[in-house]
Amino acid sequence: MQIAFFVLLVVLAGTTGEMLVSRAMKQIGEVTSFRPAAIARVVLRALGSPWMWSGLAMMALAFFSLLVLLSRANVSFVVPVTALSYVMAALGGRFFLREQVSTGRWMGVCLVCLGVVLVWAG
Amino acid sequence: MPSGPNLRGKTAVLLFLMVFFGAAGDTLLGKGMRVVGPPGAWNPAEVASFLGRAVVSAAVWTGFASLLLFFLSYMLVLTWADFSYVLPASAASYAVVPLLGHFFLGEGVSPLRWCGVALIALGVGLVGQTPPSTSPVAAPAAATAETAQGD
């Protein structure tokens, strides 16, 4: 039961965090130079964005939950099960953002669900 | 979307680094947290002690550093590639982590669980194969423009 709760927390907080971070990075624009100074500048600019901060807060919560999960279960169980975030992203896209989710993507989501059931049972 | 040999090359390198550091990071965290053990109870003191034990574990630190490198490659690649384009690389790590767990940490993985892992990697890969933007904004506009010109 506790395992299921923390899996849910990793998935929910992790997906939200990644979307917020993705949004922040898109605002910065394409990185064209990989010199350390240029990368440091990108990181500093990213840290100036509120999207980045809220994203990082969600990711910290997800990371804490991941630590709790890993203290109780094998990494070969925990990591595959967290792929449920793709299911969450598709459902969130469809029902919250009213995006059209293609048939191919639903098929992928179904495979992930089936896989998680097998990993959980195995 | 990545195009041109240069952009394709740097995307491939960064995706490889993502999979490598991500999978290594998760495996090291798993190794460390197994020694640390779960919080004794859900009160602030026990949770603080749990975090304290995690913070002094060398495996947890190396895992955390590896995940930071993963995160850095991920952030860099996201400045030009779409979230959905990056997905197939993540699909690979769902298969790589159980392999590392099995061979480096000696975790027993049942055949049923391997089947589940394969389905998950396949499913995540399939999610990444589909067009990233399913809201048809640009395409119909272009089609309308063409029709208008034809008229």
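Numerical summary
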read-out	value
Cleavage-rule hits (chymotrypsin sites (Phe, Trp or Tyr not before Pro)) in the stretch A:38-122: DSSP loop, at most 13 neighbouring Cβ within 10 angstrom	A:F96
DSSP-assigned coil residues among chymotrypsin sites (Phe, Trp or Tyr not before Pro) in the stretch B:1-107, each with at most 11 further Cβ atoms within 10 Å	B:W42
Computed helical MRE - 222 nm, chain A, DSSP H runs ≥ 4 contributing -39500 (n - 2.57), nearest 500	-27500 deg cm²/dmol
Between the stretch B:101-129 and the stretch B:50-72, the Cα center-to-center distance that results, in Å	24 Å
Global geometry of the stretch B:15-123, whether rounded, prolate or oblate, following the gyration tensor of its Cα atoms and the 1.5 cut on a/c	oblate
For chain A, alpha-carbon Rg relative to the globular expectation (2.2 N^0.38 Å, N residues)	1.23
In nm, spacing of pseudo-spin labels at A:L47 and B:L105 (7 Å Cα→C-beta vector)	3.0 nm
Estimated inter-spin distance, B:V13 and A:V117, nm [label 7 Å along Cα→Cβ]	4.4 nm
Largest-first principal axis extents, alpha carbons of the protein assembly as shown, Å	74, 45, 35
Residues A:T32, B:T27 arranged by fewest to most Cβ contacts within 10 Å	A:T32, B:T27
Per-pair calculated FRET efficiency, R0 = 35 Å: B:V47 and A:K26 via Cβ, rounded to 0.05	0.50
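Each value in this text was obtained by applying a stated rule to the coordinates, not by laboratory testing. Just so it is clear, the model here is predicted, and its values are computed rather than measured. In this analysis, Cβ positions are derived from the backbone assuming ideal geometry, glycine residues included, and neighbour counts consider all displayed protein chains.
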